[in-house]
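Trainee: Sharing a structure below in structure tokens format, with a few things to ask.
Values quoted throughout were computed directly from the atomic coordinates according to the rules given, and no laboratory measurement underlies them. The model shown is predicted, which means the values in this text are computed figures rather than measured ones. Heads up, the Cβs are rebuilt from the backbone with ideal geometry, glycines too, and the neighbour counts pull from every protein chain shown.
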Amino acid sequence: MRFLEHPTRHLFFTGKGGVGKTSMSCASAVSLADAGRRVLLVSTDPASNLDEVLGTTLSGKPTPVRGVDHLWAMNIDPEQAAADYRERMVGPYRGVLPEAAIENMEEQFSGSCTLEIAAFDEFAKLLGDEATTSDFDHIVFDTAPTGHTLRLLTLPSAWSGYIESNTSGTSCIGPLAGLQEQQRIYQATKQRLGDAAETTLVLVTRPEPSALQEAQRTSEELRSLGVNNQHLVINGTFKATDPSDPIAIAMQLRCAEAIDNLPKGLVSLEQTSVRLASGGLIGINALRQIRGLGIDAENDTAPSDEVKVSSGPMFSMDGFTSLRSLVDQFAEQRHGVIMTMGKGGVGKTSVAAAVAVALAERGLKVHLSTTDPAAHLQSALADEGLDGLSISRIDPAEVTNRYRREVMQTAGADLDEQGKALLDEDLRSPCTEEIAVFRAFAESIAEGKDGIVVLDTAPTGHTVLLLDSALAYHREVTRQSSQMPESVEELLPRLRDPDFTRILVVTLPESTPVHEAASLQRDLRRADIEPYAWVINQSLSPLPLRDPTLVGRQRNEQSYLNEVRSLHSKRTVLVPWHPVQPTGIAGLRRFVAQVKLKQEDTTVSIS
């Protein structure tokens, strides 16, 4: 990995969900530590899986990683960070102010905005406060999927500007006095992000059009913030070793085509390519092997692999159903909400778009929307239309402006000029965007009263925070707008109603996506929300394979397929990997119809 030849002190790994950010950041941190450098690896992802990949139980404090000298790791836990932040703000006043005043302060610091500023505060300390990380030579950040990370990296500028322009001294997170003390750190954070000698942004992508396009968009947005020292890692490149394997040849062609059409904005970046591994990248030994998978373009030869091809049947289709069967069940219900959830990069958008197209083609009124800041609905549909199907996206900037106007016209209508100025200032807080997105999410769910809404959600961490924060958002909406909209009031009851909301947990047959999906399901159940089905996407298991790398990955799937079927899911859909990307109306139609399961002879056909 060329960016490790002369590594900067701070390394950020970002990219679309499921592209291998955690694997690449962990492998880089292990490599630096093996070279004798003292390294702190930090996850900013609310759905972090560093613990599983490293094989060490982590916390919100630096913890030594077993099996690697000089390496420490930690997770930024938004809930714990909010609790610590709240206590830091309120603690000094205990025993000084009356109990009622303390309770009022605690209530003020229990909102959704506190959750965001607290997580950002922890991130800023690691980047902007030298004293916090003086024991380490390098800080490696494994970030959440793109949309969430872009939000995080814009906050240093957003909060610095808000604090400087605020005249009232109060905000959605209470008195700004505490934040004034942090301003120096926020400004230092902003400066270090833009210093090429201090910070490298590693854009991780798969050799797939959607991931490459998102990498380019991220590259451009971060350049606009002054983050110019960027490196591209193309993870999972593939070259067939058996010309008699049509699936392997198809996969090689898809990979080559994507790289040949590299977006212009990425061409000039220094690049590293990493070969597709034949097994899972869990554990320190596997992470050290990633170094051996790195390749130079001029030395692109296929690796030897000792995996042998099995001659017998490897897989039974018993216990799985098809996506078409699921659509038939949804079609019986002429209204309600279908939501796709799961880790980034598992195919939530494809599943949501394919279900929406199939339902619309059955004559139903369907609205397809997304809460993902890095939405790809238009790409999935290839900008094609269909009778009965409407499409939209919850655009954060658009819904925030609409929310501000609405609050000023309602809660601000009877205020005097000074009161209006204070309310307007409050609404310019960076937190307002999160509240506005939540409002729009609630409104999308409410549309299910009059038709079918198919909602493609953001990657797990962001979605769980959205749902977990429901009560906190209720308070913020009430505080700013003085009245609770019906859509917000009824949100949780609707999500909990199995006759109204049907959640599809989408995953890949791999360790991290399956375990993240299981964790998501536990979070949903704690909120009394029960998923309807699991969809295992891009499975190699039903396919006849000969290529050693793919056979190795096929074998690696088995335990995760069995785990989903036996432990997690009451109803499981299996979608095989397909040689052609499921885009456009025709492609999405094939995505639903492609697999015909014949349990009696375990065969699968792909149309």
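Trainee: Which links in LYS61/LYS125; LYS343/LYS449; LYS125/LYS190; LYS264/LYS348; LYS343/LYS365 stretch past 23 Å when you go from one Cα to the other?
Mentor: On the way: LYS61/LYS125 13 Å; LYS343/LYS449 28 Å; LYS125/LYS190 12 Å; LYS264/LYS348 27 Å; LYS343/LYS365 28 Å.
Table pairs above 23 Å Cα-Cα are LYS343/LYS449; LYS264/LYS348; LYS343/LYS365.
Trainee: Ordered by packing density, taken as the mean number of other Cβ atoms within 10 Å over each peptide's residues, highest first, how do 37-47, 187-197 rank? Working shown, then result.
Mentor: Details: 37-47: 23.8, 187-197: 17.6.
Those peptides, ordered most packed to least, come out 37-47, 187-197.
Trainee: For LYS570 and ARG362, what is the calculated FRET efficiency with R₀ set at 22 Å and r taken between the beta-carbons, to the nearest 0.05? Before the final figure, lay out the partial values.
Mentor: Values: r = 24 Å, r/R0 = 1.10.
E between LYS570 and ARG362, to the nearest 0.05, is 0.35.
Trainee: Report the gain in length on full extension from GLU563 to ASP84: 0.36 nm times residue separation, minus Cα-Cα distance, nm rounded to one decimal.
Mentor: Stretched out fully, the GLU563 to ASP84 stretch lengthens by 168.8 nm.
Trainee: Restricting to Cα atoms and excluding each atom paired with itself, what does the Kirkwood estimate give for segment 526-569 in Å?
Mentor: On the way: mean 1/r = 0.0820 Å⁻¹.
Here the Kirkwood hydrodynamic radius works out to 12.2 Å.
Trainee: What are the aspartates and glutamates whose alpha-carbon lies under 12 Å from the alpha-carbon of LYS16, with same-chain residues fewer than 8 places away excluded?
Mentor: Within the straight-line cut-off, LYS16 pairs with GLU208, GLU214, ASP372.
Trainee: With a point put 7 Å past each Cα toward its Cβ, work out how far GLN329 is from LEU269 in nm, to one decimal.
Mentor: Label-label distance for GLN329 and LEU269, simple model: 4.0 nm.
Trainee: Quick one: Cα convex hull volume of segment 199-241, Å³ per residue?
Mentor: Working: hull volume 2.3 nm³, N = 43.
Cα-based convex hull of segment 199-241, divided per residue, equals 53 Å³.
Trainee: So if R0 is 45 Å, what FRET efficiency would THR321 and ARG428 give, r being the distance between their Cβ atoms, rounded to the nearest 0.05? Spell out each step's value before the answer.
Mentor: Values: r = 50 Å, r/R0 = 1.10.
Result of the calculation: an efficiency of 0.35.
Trainee: For segment 348-442, count the residues as N, evaluate 2.2 N^0.38 Å, and divide the Cα radius of gyration by that value, please. Write down the numbers at each step before the final one.
Mentor: Working: Rg = 17.9 Å, N = 95, 2.2 N^0.38 = 12.4 Å.
Normalised by 2.2 N^0.38 Å, the Cα Rg of segment 348-442 equals 1.44.
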